[in-house]
1. Assigning unit charges at the beta carbon (Lys, Arg +1; Asp, Glu -1) and nothing else, what dipole magnitude in debye, to the nearest 20, does the chain show about its Cα centre?
2. Once fully extended, how much extra length lies between residue 68 and residue 18, figured as 0.36 nm per residue of separation less the alpha-carbon to alpha-carbon distance?
3. Compute, for region 276-356, the length of the dipole vector about the Cα centre, with Cβ point charges of +1 (Lys, Arg) and -1 (Asp, Glu) only. Units Debye, rounded to 20.
4. Under the Karplus relation 6.51 cos²θ - 1.76 cosθ + 1.60, θ = phi - 60°, what is the ordered set of whole-Hz ³J(HN,Hα) values for region 277-284, x standing for Gly and Pro?
5. Could you give the distance between the Cα centres of region 139-176 and region 19-35, to the whole Å?
6. Using a Gaussian network model of the chain with C-alpha springs under 10 Å, which one of 277, 201, 267 is most mobile by mean-square fluctuation?
7. Calculate for the chain the 222 nm mean residue ellipticity that helices alone would give, adding -39,500 (n - 2.57) per DSSP H run of length 4 or more and normalising by residue count, nearest 500 deg cm²/dmol.
8. Please turn the phi angles of region 147-161 into ³J(HN,Hα) values with the Karplus equation 6.51 cos²θ - 1.76 cosθ + 1.60 (θ = phi - 60°), one per residue in order, whole Hz, x for glycine and proline.
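Quick note: the coordinates plus some simple rules give every number you see, no bench work behind them. Since the structure is predicted, the reported quantities are computational estimates derived from the model, not experimental observations. Counting neighbours? That spans all protein chains shown, and the Cβs are built from the backbone with ideal geometry, glycine included.
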Amino acid sequence: MSVATTPPADLAPRVHSLNPGDFTVPTGREEEWRFSPTQRLSAFFAVDATAGFVRADDALGVSVVPMSEVASSWVPTDLPSAIARASVSNATIIEIPAQARWDEPVVIDLVATAESAYQHVEIFAGHFSSATLVLRQNLTGDVNGTIVANIGDGASLNIVTIIDGRLDTAYAMQMPVILGRDASYTGTLATLGGGAVRITNAVDYRAPGGHADLLCAFLADTGQHVEHRVFVNHEQPHCTSNVLYKGALMNAGARSAWIGDVLVHKNAIGTDTYQMNRNLLLSEGARADSVPNLELETGDIVRAGHASATGRFDDEQVFYLQSRGLSLEQARQLVVRGFFAEVLNDISAAHLRDELLARISSRLGIEALEGSDD
């Protein structure tokens with residue numbers, strides 16, 4: 001297969017290839033790797049012959065097939081994803097039939113079969129279908145791979161992805177979304193576990209009228225590096241996108257990076273796009289890097305903008321809660337919980353919101369405080 005290059009929003013060449021040999025080994029000096037902990041991710045830069053694969057528990061619409069039988073429309077854009085695509089033995093396929101209506105969320109647990117594993121999940125939402133999927137991944141080892149969502153014309157797909165687990169693991173994941181005509185996608189990501197995490201979300205519109213919401217809540221603690229990269233490629237007219245990523249860095253040594261790229265092509269008239277990243281530093285010594293990029297090749301659009309903010313607590317909010325009898329620590333933790341409400345409130349299923357809030361609360365220690373006599 002020939003190698004293709006396209007100019008992303010940061011004006012650096014982006015390689016697309018199924019062949020790992022077409023990618024150079026990252027050194028950390030490259031634009032797309034300069035925020036990444038390349039040493040901690042270095043195991044993903046070479047083939048691991050002993051690696052297992054990630055399987056999915058039985059659920060509606062789920063099947064497992066040999067990777068050789070998968071004809072994906074997605075092509076890797078970095079070395080780890082190319083290695084995973086070429087090395088994974090089995091793929092998890094999730095099919096939502098055309099015009100199907102899945103009223104209840106379908107929960108799918110992704111489980112690695114070895115301490116190090118490759119992953120490929122391919123989701124197909126048939127035209128005019130509607131469904132909500134919940135992908136839960138509890139990291140027990142290193143995972144490298146892809147989750148691809150193919151959304152047919154007129155389909156509506158919500159995906160809630162929860163990444164949790166051991167804080168000494170490495171996790172590299174590509175999450176591309178391919179949208180058909182008038183298709184709608186809402187992706188809510190909760191990144192809570194993993195020690196060295198690099199997640200790349202990409203949206204590709206294949207026809208006019210597509211809509212995508214990318215939402216994320218993430219936590220980082222001492223020793224964790226959590227990196228999210230977003231690339232929204234507006235190639236079609238009259239499409240919309242909304243990106244909202246919120247993160248809380250809890251203690252000294254916590255590190256996060258968010259890089260948001262939006263490219264509006266010349267023919268993508270009527271585009272409506274906005275992206276925002278907000279980071280809350282809960283302690284001295286935590287660091288959050290935020291780099292929004294917006295490139296417009298046409299001025300015939302509805303809206304295009306971006307925003308980024310990194311700061312500490314709102315002292316007025318904390319003071320108000322303390323005046324109502326809460327301790328300083330309780331007030332700080334409840335402010336953090338409220339900070340994520342804008343992301344989690346878009347999850348329609350109440351029990352899913354409760355599960356995510358419970359996980360975040362557990363990491364923040366809120367449950368213990370609520371159960372105390374203070």
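1. Numbers: 26 positive and 45 negative charges, 85 e Å.
Taking the Cα centre of the chain as origin, the dipole is about 400 debye.
2. Details: separation 50, 0.36 × 50 = 18.00 nm, distance 1.30 nm.
Contour length minus the Cα-Cα distance gives 16.7 nm.
3. Numbers: 8 positive and 13 negative charges, 63 e Å.
Result for region 276-356 is approximately 300 debye, rounded to the nearest 20.
4. 3J(HN,Hα) across region 277-284, in whole Hz: 10, 10, 10, 10, 8, 9, 7, 5.
5. Measuring centre to centre over Cα atoms gives 21 Å.
6. Of the options given, 267 has the highest mean-square fluctuation.
7. Helices in the chain give a 222 nm mean residue ellipticity of -4000 deg cm²/dmol.
8. Computed from phi, the couplings for region 147-161 are 10, 9, 10, 9, 10, x, 4, x, 7, 10, 10, 10, 10, 10, 10 Hz.
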